Structures are given as structure tokens and as C-alpha cells.
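Here the structure comes first, spelled out in C-alpha cells, and everything after it is commentary.
No lab work stands behind these numbers, since they all come straight from the coordinates. It should be emphasised that the depicted structure is a prediction, and the values quoted were computed from it without experimental measurement. Note: ideal-geometry Cβ built from the backbone for every residue, glycine included; neighbour counts use all protein chains shown.
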Amino acid sequence: MKRLVIKIGSNLLTSGNGLDETRIAALSTDISEAHSRGKEVIVVSSGAIAAGMKSLGLKRRPSDIRHKQAAASVGQSALMWAYEKGFGRHDKKVAQILLTRDAFHDRRRYINAKNTITTLLDYGVIPIINENDSVAVEEIKFGDNDQLASLVAGMVSADRLIILSDVDGLYDRDPLKHSSARLIPVVEEITPEIERIAGGAGSLVGTGGMYSKVLAAKRAVRYGIIVNIINGKVPGLLRSLLEGRAVGTEFRSARKKMPARKGWIAFGLRARGSIAVDAGAREAIVARGKSLLPSGIVSVEGNFSPGDAVYCTDDSGVRFAKGLTNYSSEEVRRIMGKRTSEIERHLGYRYSDEVIHRDNLVLLQD
């Protein structure tokens with residue numbers, strides 16, 4: 001387990017007086033120790049908005065976009081300065097990287113971001129990554145750093161994703177409401193029941209709750225990454241985990257590791273539409289690893305262009321695959337239900353025999 005992504009939540013980094021620099025220093029010490037033992041460490045850190053609230057005199061987390069952006073702008077510099085001091089005590093260098101989701105949508109930007117991170121690791125630098133909340137409206141409104149951490153972990157082919165939270169891990173029921181709640185130490189497979197158990201509201205200063213963390217784990221394990229959720233408020237717990245002790249909740253990785261490019265298609269790209277297929281086409285894709293041909297298509301939703309990502313749905317509307325289409329939505333509407341040999345007759349040309357080639361198609365479940 002050489003390459004680690006460590007996600008630190010807002011509740012760990014902030015207090016009623018702004019940033020909790022004592023805890024940041026303690027976490028920096030534990031992470032620096034792991035780094036000194038030969039680990040490559042990438043930190044995904046929340047806390048910019050929460051840190052900026054005190055400077056702006058805000059008593060509660062703002063609900064409108066412009067005040068969130070202002071708080072993030074003020075707080076990000078304070079957050080990085082705290083990390084600079086914390087890691088600097090151990091002679092560790094850090095670098096700030098601010099990402100938005102479009103860095104994952106575009107393949108060239110995706111590769112560029114990956115190269116930047118891995119080059120910093122080559123120099124022994126610890127990247128500190130956060131969403132660019134000061135300008136990215138969509139990321140503030142919909143995103144959270146649990147999801148960003150899982151995307152980064154997949155991007156850099158991490159061995160382990162460690163999510164530091166203010167709780168001990170995943171419980172079989174809400175421990176705040178049920179004194180008999182028990183910690184789940186190991187999750188072999190993230191089932192709908194596990195997702196149901198994790199459901200609930202997030203914290204006061206962050207955007208993600210346990211459900212968000214389980215969804216992040218669900219994505220990461222598809223890459224073959226082990227995921228741990230542990231309590232970041234307990235001193236030395238991160239060290240114990242890295243020394244091999246069982247702490248918190250561990251999500252075991254999938255038996256079959258998803259290739260990095262297919263992971264980018266599945267989780268990085270924004271889908272521009274969907275293609276509904278019949279039972280025969282679904283069976284061919286899922287059970288036999290075949291491409292999507294026009295003959296199995298029954299309907300099209302959305303407007304997309306060649307090269308865009310689209311979902312494949314079954315006759316119940318359930319998304320079961322995602323891939324890069326060779327044809328636009330209008331072209332697919334004209335050739336759906338037709339044999340491959342009829343494509344040119346209906347379009348006047350033929351880009352490919354397949355609407356989505358199997359090399360560009362990924363199943364959304366194991």
C-alpha cells in the first residue's frame with residue numbers, strides 16, 4: 001500500500017473559532033510520519049468555506065452561491081497556510097491544487113491533472129487538493145469532497161483511500177439515535193442494504209454525510225482501491241491503520257479491477273443522454289461483453305454528439321452501462337432498430353458498425 005489518498009472533512013478542520021490549527025498540526029504529524037516511511041500521500045481537504053466564514057463574520061454556513069464563493073476565496077488561503085505550517089514542522093513540502101469537475105470531463109485536462117499530481121509525488125511533495133469552490137457554481141451546489149477524493153484516487157491509481165471523519169465508521173444504525181448501534185468493521189460488497197444503512201443528513205459545515213462516503217467508497221472499490229472510514233479526531237488512529245491494525249470500517253476492493261480509462265468513462269465523464277436497449281442487447285452487453293449495435297436500440301433521450309458519454313438503460317429505465325457513442329443522438333434515432341448493414345443506406349455514410357464499441361463501454365455494476 002504505497003500510494004494513499006487521505007480525505008479530511010470540514011468537521012475535523014474547523015471549530016467555533018475558525019480553523020482548528022491544533023488538529024491540523026496533529027494530522028500533519030501523522031501524515032508526515034507515513035510519508036517518511038515511504039508512502040506517497042495525496043490529501044483531499046475540505047474546510048475552505050468553513051474557514052472563511054469567521055473572517056467574513058458569518059454565523060452560519062451561507063446558503064447562496066455568492067457568499068459561499070466569497071467564503072471559499074478567503075478561507076482557501078488560510079487553510080493552505082495552516083497546512084504549510086503543520087507540514088513544515090516536519091520538513092515536508094506541500095502544493096495546492098484546485099480542481100473542478102470539468103477537469104475530469106475532458107480527457108486532456110484529466111491526463112494533465114494526473115501528470116501534475118504524479119510529478120509532485122516524484123519530487124516528494126504532498127499535494128493538497130480541494131474543489132475550486134470560489135468559481136465553480138456546480139461544485140458548490142452539488143459536489144462534495146468525498147466524491148472528489150474517490151475520483152482523485154482512481155485518477156492516480158491509489159492503493160488506498162482513507163476518509164477521515166468525525167465518526168468511527170459505518171454503523172448498522174444511527175448511533176446518535178440507537179445506543180445499541182454496532183460498528184461494521186468490514187464491508188465486502190456495497191449492496192443496496194449498505195446504502196440504505198448509510199442514508200441520512202450531512203454535517204453542519206460540510207456537504208457530505210455517511211451516504212456520500214459510502215457512494216465514494218462504491219466508486220473507489222471498482223478501481224481496485226481499498227477504502228477506510230475512520231475517526232480523524234482520535235489521535236494516532238491513522239498511524240494505527242497504516243500499521244495494519246483494524247480500525248473504523250474497511251470497504252474491500254472489487255475482485256476485478258476496472259482499467260483507468262474505463263473508470264474515467266464511468267465516473268469522470270458527464271453523460272449527455274441515454275440510449276434504451278431491448279433485453280437481447282442488454283444480455284449481449286452484460287453477459288457476453290459485446291458492443292452496442294443499432295439493432296438493439298429502442299429509444300434515445302437527450303442531445304449528444306459523437307464522442308459524448310451516454311448511459312445505456314434497460315426496459316425498466318435502469319442504467320446498467322455507460323459508454324462513448326460513435327454517432328449523434330439524431331443519427332442514432334435514424335438507425336435504431338436497423339441492422340448494421342443498413343446504416344449507410346439510412347445515413348448516407350457509416351462511421352462504425354457499432355453505436356458504442358465494447359472498448360468504450362463499461363458496466364456500472366460488477
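Numbers at a glance
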item	result
Whole-Hz couplings from phi, Karplus 6.51/-1.76/1.60, listed for the stretch 81-96; x for Gly and Pro	5, 5, 5, 4, 5, x, 7, x, 4, 10, 6, 9, 9, 10, 9, 8
Residues of type lysines that Lys262 reaches as a straight line, Cα spacing below 16 Å, ignoring anything fewer than 8 places off in the same chain	Lys114, Lys218, Lys290, Lys322
Charge context of Ala266, other residues only, Cβ under 9 angstrom, K/R +1, D/E -1	+4
Stretchable slack from Arg358 to Leu56, in nm (0.36 nm times residue separation minus alpha-carbon distance)	103.5 nm
Amide H partners (placed H, <5 Å) of Asp20, local residues excluded	Thr14, Ser15
For the chain, built as a Gaussian network whose Cα springs stay under 10 Å, the top-fluctuating residue of Tyr123, Tyr211, Tyr223	Tyr123
DSSP-defined antiparallel bridges as percent of all bridges, the chain, nearest 5	40 percent
Gaussian network model of the chain, Cα within-10 Å springs - most flexible of Asp133, Asp91, Asp102	Asp91
Of the GluC sites (Glu not before Pro) in the stretch 143-201, those whose Cβ has at most 15 other Cβ within 10 Å and which sit in DSSP loop	Glu188, Glu189
As computed over the stretch 1-52, the Cα convex hull volume per residue (Å³)	64 Å³
Alpha-carbon centroids, the stretch 277-345 and the stretch 1-37: separation in whole Å	46 Å
Between 0 and 90°, nearest 10: helix 21-36 axis offset from the chain longest Cα axis	70 degrees
Aspartates and glutamates with Cα under 12 Å of Lys2, excluding same-chain neighbours fewer than 8 positions away	Glu40, Asp159
Amide proton proximity set for Val298, modelled H, under 5 Å, gap of 5+	Ala276, Val277, Asp278
Efficiency of FRET from Cβ geometry, Val318 and Lys2, R₀ 45 Å, rounded to 0.05	0.75
Quotient of C-alpha Rg and 2.2 N^0.38 Å, computed over the stretch 270-363	0.94
Long-range amide H partners of Ile6 with built H, under 5 Å	Ile42, Val43, Val44, Ile162
Highest average packing first - 268-280, 162-174, Cβ atoms within 10 Å	162-174, 268-280
Set of aspartates and glutamates with alpha-carbon distance to Lys233 below 16 Å, sequence-local pairs under 8 removed	Asp20, Glu21, Asp30, Asp166, Asp168
Backbone HN-Hα couplings from phi across the stretch 312-324 [Karplus 6.51/-1.76/1.60, Hz, Gly and Pro as x]	9, 10, 8, 6, 9, x, 7, 6, 10, 8, 8, x, 9
Taking all pairs of distinct alpha-carbon atoms in the stretch 3-261, Kirkwood radius in angstrom	18.4 Å
